[in-house]
Structures are given as C-alpha cells and as structure tokens.
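Below is one structure, written out as structure tokens; comments come after it.
The values are calculated or read from the model by the stated rules, or taken from the named source; none is laboratory data. Just so we're clear, the structure is a prediction, and the values are computed from it rather than from any experiment. We place every Cβ from the backbone using ideal geometry, glycine too, and count neighbours over all the protein chains shown.
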Ligand code: HEM
C-alpha cells in the first residue's frame with residue numbers, strides 16, 4: 001500500500017486497465033489531485049462531485065461552445081444545443097423539450113413495454129444471444145426513431161452512423177484528429193444530411209404527428225430554426241440517446257449479475273427496478289466525462305485553469321465521491337439520497353433523462369420477469385465502448401433461461 005502511495009500520480013483515460021476499473025484511480029485522484037493538469041495539454045481533469053457540479057451549473061464561466069477541432073471546418077461540426085451556451089441554448093432546447101417532459105414520457109410506457117417483450121420473445125427463443133444486439137441497442141433506437149418519425153427499420157444504418165460519430169469523442173482533447181478521422185466524420189455527416197434532407201422534404205409536403213414535423217414547422221418559420229440547426233438537432237437526438245441508454249441497460253445487466261443479492265431483491269419485488277437503475281447510473285455511469293471550456297481564468301482547488309483551456313468533469317468519479325455518498329463503492333439499490341451527476345447538471349442536464357430511465361427500467365424489469373436466469377456465456381473480458389466518454393460494452397453474449 002505504502003509503495004503505491006509513493007508512486008507519482010498519473011491518469012491516462014485511454015489505458016485499457018484504467019477504463020475497465022477506473023474507480024481506484026478516481027479515489028486516489030479525489031484525495032491527492034482533485035484537479036489534475038494533463039501535462040503539455042490545455043486540459044485538466046476534475047474529480048470531485050462539488051467541483052463537477054459547480055462547473056456544470058455555471059455556463060458563463062464554463063462554456064459548452066468548443067472551438068472547431070484542428071483540421072475541421074465549422075460546417076463539419078453543426079451546432080446542436082449540446083454545444084451552445086445560453087441564450088441560444090434555451091431557444092434550441094425549447095423547441096423539443098415538450099416532447100421529453102416526465103408526463104409525455106410516461107405516456108410512452110406501454111409502447112416501450114411492448115417493444116421490450118417483442119425483443120425478448122426473439123431473444124429467449126434463441127437462448128444464447130448478444131444482449132446488445134438483441135435488446136440494449138434496438139430498444140432505445142426504436143423508441144427514439146418512432147418519436148422523431150424516422151423509420152425504425154433503418155436502425156442498422158443509424159447504428160453504423162452513431163458508432164462512427166461517437167467513437168472518437170473525447171480523444172480530441174488529447175490529440176489532433178488524424179486526416180482519416182476527419183474524412184470519416186465528413187463522410188458520415190454527408191450521409192446523414194442526405195438521409196434527413198429527404199425526410200424533411202417529405203414532412204414539408206405532408207406533415208405528420210411527430211417530432212420531425214414540429215421541427216420542420218419551426219424551420220419553415222425561419223427565425224426559429226435554421227436548416228443546419230435542424231440537422232444538428234436530429235443527429236443529436238438520434239445519437240445522444242442511443243449509445244448512452246444501450247450502455248445503461250447493459251451496465252444494469254452486468255451489475256445485477258455481479259450483485260446477486262440485488263438481483264434477487266429485484267426478482268422478488270419488481271417495483272425496486274427503478275431504484276436499481278438509479279444506482280446503476282451512479283455506480284457504473286454510462287457517461288463518464290463531461291467537458292467544458294474556461295471562458296476566463298478560474299482557480300479550482302488551487303489550480304488555475306487559464307481562459308481557453310478545457311476541464312473534463314469525471315462524472316464517474318463524482319458519483320463515487322465518499323463525501324456525498326455513504327459507502328460510495330457499494331452497489332446498494334436501497335440508497336435514499338441519489339444526487340448523482342450521471343445525467344449532468346445545470347442547463348445542459350440530459351433532456352432525455354426521464355426517457356432513458358424509463359426505457360432502462362422497463363428493459364430490465366421485462367428481462368428479469370421473462371427469464372428464470374440470465375448469465376454470461378463465458379468469462380472473457382467484454383469489448384469496451386471505444387470512446388473514453390462512455391462506460392459500457394459493445395457486445396454482451398448471454399444465456400437466457402425462459403421463466
Ligand atoms: C442513460 C442514458 C443517458 C445518459 C447517461 C445521458 C447523459 C447525458 C449527459 C451527461 C448530458 C449532459 C451533457 C452536457 O452537460 O454537456 C446529456 C445531455 C443530453 N442528452 Fe442525454 N443521456 C442519456 C440518454 C438520453 C436520451 C434517451 C436522450 C434523447 C432521446 C438524450 C438526449 C440528450 C440531449 C438532447 C442532451 C443535450 C441537452 C442540452 O444540451 O441541453 N439523452 N445527456
């Protein structure tokens with residue numbers, strides 16, 4: 001232990017071992033380097049709950065308007081609400097926020113439940129499945145596709161696009177994008193644009209009762225939504241919610257397997273599933289890191305971050321902060337206080353939080369109800385999501401025993 005304590009502190013978020021279990025290093029960072037400057041880079045990592053929360057709630061000091069990464073042009077990076085500051089941010093978010101209120105989301109529960117059963121019918125019939133392919137990916141993508149009004153049958157294409165768009169997320173803070181990466185990102189955006197232009201034209205001619213029609217109407221009014229903003233919104237909605245919710249459902253299945261008492265509790269009392277999902281959000285946060293740009297020189301924990309530099313708020317660490325959560329490293333589905341930062345905090349607080357939680361709750365409840373047991377097919381290490389922003393696996397072979 002002592003030898004370990006004397007080792008100089010280093011934090012490389014790309015290191016495979018660190019990514020599999022970042023929590024011991026996060027704990028040490030909170031004690032010894034609550035703000036860690038990445039040497040030679042204009043980037044610092046922030047590990048405490050209080051600091052992450054204070055940064056995320058203050059968009060004047062900590063901006064989301066990141067400069068265009070080297071090699072890209074502003075046209076390559078459409079401005080969605082995620083990367084705007086107030087007041088533009090409120091205008092963009094206001095255009096879709098009605099569709100994501102807890103009440104509107106609750107109305108989707110029967111449809112989400114029906115999709116979960118359909119997917120599990122097929123999965124259980126096969127007995128051995130990749131749970132990502134069979135459940136955790138298709139469920140959120142079908143739901144959001146139906147909400148937006150894009151054909152859910154195209155979901156194979158959405159997956160290819162969103163995998164390609166999010167894979168490099170986070171890496172731009174540490175290295176310049178390669179020409180191949182830039183070309184790939186441009187190709188994906190061009191394909192997405194072509195795909196959506198056709199759908200937008202369709203809704204201009206024949207409006208329907210979906211989010212796309214609402215956005216097209218805002219775009220037609222001109223002043224409310226420019227075409228590139230409309231496109232950025234569609235891409236954000238189609239991508240933001242999928243990778244993350246897929247990871248949440250997968251992480252939930254893994255944590256329940258790792259904590260058989262919690263699984264037994266959920267089996268005995270399915271009404272605990274919602275609380276179990278909240279604990280998975282805290283304990284195995286699908287979004288591990290949320291970046292901001294310093295708008296002025298700011299000092300955090302004695303470390304000065306000059307204007308124009310980045311801070312990376314490690315939500316995964318904040319959610320294990322022992323000054324906020326008792327027994328922070330225990331997975332406890334009966335926790336009362338749940339002020340985790342898994343969905344961010346402040347003006348950019350996840351728009352899809354209610355939807356994601358409901359989807360995960362239904363997916364896990366139906367998985368538990370429909371199976372006598374579910375288990376890993378082997379003990380091989382699972383392939384990790386390629387981006388350092390996310391915690392999750394891209395494949396989860398499982399054996400399902402029908403209930
Ligand atoms: C477990 C699932 C999810 C997690 C962990 C998650 C996490 C997050 C986080 C941490 C942010 C804050 C980003 C920031 O501070 O800059 C965020 C923003 C956002 N999320 Fe989610 N998200 C999830 C699911 C969804 C879903 C299902 C949707 C929609 C269909 C969605 C749509 C959005 C949007 C539009 C924003 C940007 C909000 C803004 O900038 O005002 N998310 N999400």
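Points worth noting:
- Selected residue [modelled with pLDDT of 90 or more, in contact with a strand residue (DSSP E or B) (Cβ under 9 Å, 6 or more places away or on another chain) and in a helix (DSSP H, G or I)] from 212, 135: 135
- So residue 114, is it closer than 23 Å to residue 204 by Cα, more than 22 Å from the chain's Cα centre (by Cα) and in a helix (DSSP H, G or I): no
- Every residue from region 149-166 that is within 18 Å of residue 232 (Cα to Cα) and part of a loop (DSSP other than H, G, I, E, B): 149, 150
- Residue 151 closer than 27 Å to residue 191 by Cβ and either in contact with a strand residue (DSSP E or B) (Cβ under 8 Å, 6 or more places away or on another chain) or surrounded by 19 or more Cβ atoms within 10 Å (Cβ to Cβ) (or both): no
- Scanning region 49-61 for residues that are closer than 19 Å to residue 92 by Cα and away from the ligand (no atom under 13 Å from the Cβ) yields a single hit, 60.
- Residue in region 258-266 that is surrounded by fewer than 21 Cβ atoms within 10 Å (Cβ to Cβ), in contact (Cβ under 8 Å) with a residue 24 or more places away in the chain and over 23 Å from residue 382 (Cβ atoms) present: yes
- Checking residue 379 against (1) within 29 Å of residue 265 (Cβ to Cβ); (2) touching a residue at least 12 places away in the same chain (Cβ under 8 Å); (3) out of contact with any strand residue (DSSP E or B) (no Cβ under 6 Å at 6 or more places or on another chain), the condition it does not meet: (2)
- Pairing residues of region 312-327 that are at positive phi with residues that are modelled with pLDDT under 95 and surrounded by 23 or more Cβ atoms within 10 Å (Cβ to Cβ), at Cβ distances under 7 Å and at least 6 apart in sequence or on separate chains, gives no pairs at all.
- Residue pairs meeting the criteria (Cβ under 9 Å; at least 6 apart or on separate chains; first over 15 Å from residue 284 (Cα atoms) and without any contact (Cβ under 8 Å) to a residue 40 or more places away in the chain, in region 334-360; second more than 9 Å from the ligand (Cβ to nearest atom) and assigned to a loop (DSSP other than H, G, I, E, B)): 337/324; 337/325; 337/326
Each row is one residue, and each column tells you yes or no for (1) in contact (Cβ under 8 Å) with a residue 24 or more places away in the chain; (2) on the phi > 0 side of the Ramachandran plot; (3) assigned to a helix (DSSP H, G or I).
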| position | (1), (2), (3) |
| --- | --- |
| 25 | no, no, yes |
| 31 | no, no, yes |
| 58 | yes, no, no |
| 95 | yes, no, yes |
| 103 | no, no, yes |
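- Counting only helices (runs of 4 or more DSSP H) that fall entirely inside region 221-292 and contain at least 3 residues that are within 16 Å of the ligand (Cβ to nearest atom) and more than 23 Å from residue 145 (Cα to Cα), the qualifying elements are 227-258, 273-283.
- When 80, 64 are screened for being in contact with a strand residue (DSSP E or B) (Cβ under 8 Å, 6 or more places away or on another chain), under 27 Å from residue 170 (Cα atoms), touching a residue at least 12 places away in the same chain (Cβ under 8 Å) and within 12 Å of the ligand (Cβ to nearest atom), only 64 passes.
- The condition (being surrounded by fewer than 20 Cβ atoms within 10 Å (Cβ to Cβ), touching a residue at least 60 places away in the same chain (Cβ under 8 Å) and more than 12 Å from the ligand (Cβ to nearest atom)) is satisfied by just one residue among 183, 167: 167.
- Residue 164 being closer than 22 Å to residue 363 by Cα and touching a helix residue (DSSP H, G or I) at 6+ places or on another chain (Cβ under 9 Å): no
- Those strands (runs of 3 or more DSSP E) of region 297-369 in which 3 or more residues are surrounded by 14 or more Cβ atoms within 10 Å (Cβ to Cβ) and touching a strand residue (DSSP E or B) at 6+ places or on another chain (Cβ under 9 Å) occupy 310-314.
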